[in-house]
Amino acid sequence: MKPFDRKKHWETIYQTKNLNEVSWYQPVPETSLHFLKQFNIPTTAKIIDVGGGNSLLVDHLLDLGYQHISVLDISAQAINRAQKRLGARAKKVTWIVADAATYKPTDTYDFWHDRASFHFLTNEKEISNYIETIQQGLNTTGVLVIGTFSEEGPKKCSGLEIKQYSETGMADRLKKYFEKIKCILVEHSTPFNTLQNFIFCSFRKWRTA
């Protein structure tokens, strides 16, 4: 059997669907912005949005004056769309075309944001690799925010199986390097008038004496 080509799958999604024709579309990413405000992330902080592709979070970050933004996505098509949308402002952003499961960061970040990328990693090795990547790429005092489908959420997205998480499950999965700060459940309303239940959890690295 031919191995699944994840990159090709996502390139096809972004080649065939408009911005508001995908379930994860959010005009205003209120939950993500809430976490930025909660932790008083300064505008000089280094921020990475993993799976950010054509998300509008980068637009809002630029509007708020953030100066060091990186957006990572497996799909070059998604990133090209975001760059076209932002026009000249796209030059203020570092764009990274990479698979989160195999990405090796060359920089360290103060705020690591992942909305709905992590739950697409269902292979144990890929999950472990990604957690190691965050450990390497997050500053000692940095904040990690991950949003996934909850146990009440969908079991598939864009034709792919996903891994659901509970608060306990998420905290347990990341406990090797990170301690949980807070988790919240969020109902996301899709452009198709359906609701998807997400869990968002914030973490920091374990303090060492």
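Every read-out reported here was derived from the displayed coordinates using simple, explicitly stated rules and does not represent laboratory data. This is a predicted model, so every value here is computed, not measured. When we count neighbours, we look across all protein chains shown, and the Cβ atoms used for this are built from the backbone with ideal geometry, even at glycine.
Quick look at the values:
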read-out	value
Matching strands (runs of 3 or more DSSP E) fully within the range 94-209 where at least 2 residues are under 30 Å from GLN83 (Cβ atoms), of a type in the set (A, V, I, L, M) and in contact with a Phe, Trp or Tyr (Cβ under 8 Å, 6 or more places away or on another chain)	138-149
Among (1) more than 22 Å from ILE79 (Cβ to Cβ); (2) within 15 Å of the chain's Cα centre (by Cα); (3) buried (at least 21 other Cβ atoms within 10 Å of the Cβ), the one test that GLY137 misses	(1)
Residue within the range 37-46 that is touching a residue at least 12 places away in the same chain (Cβ under 8 Å), assigned to a strand (DSSP E or B) and basic (Lys, Arg) present	yes
Where a residue in the range 190-205 is surrounded by 21 or more Cβ atoms within 10 Å (Cβ to Cβ) and its partner, wherever it lies, is aromatic (Phe, Trp, Tyr) and part of a strand (DSSP E or B), with Cβ under 7 Å and at least six apart	PHE198/PHE149; ILE199/TYR165; PHE203/PHE178
Search result, residues across the range 140-169 that are without any contact (Cβ under 8 Å) to a residue 60 or more places away in the chain and touching an Asp or Glu at 6+ places or on another chain (Cβ under 6 Å)	ILE146, GLN164, SER166
Extreme residue, surrounded by the fewest Cβ atoms within 10 Å (Cβ to Cβ), among residues of the range 174-183 that are in contact (Cβ under 8 Å) with a residue 40 or more places away in the chain and farther than 21 Å from SER32 by Cα	LYS176
Yes/no for ALA88 being in a helix (DSSP H, G or I) and touching a Gly at 6+ places or on another chain (Cβ under 7 Å)	no
ALA78 part of a helix (DSSP H, G or I), crowded, with 18+ Cβ neighbours inside 10 Å and either touching a residue at least 40 places away in the same chain (Cβ under 8 Å) or aliphatic (A, V, I, L, M) (or both)	yes
Candidate set: the range 19-58, residues that are β-branched (Val, Ile, Thr) and surrounded by 18 or more Cβ atoms within 10 Å (Cβ to Cβ); chosen: the one farthest from HIS113 (Cα to Cα)	VAL22
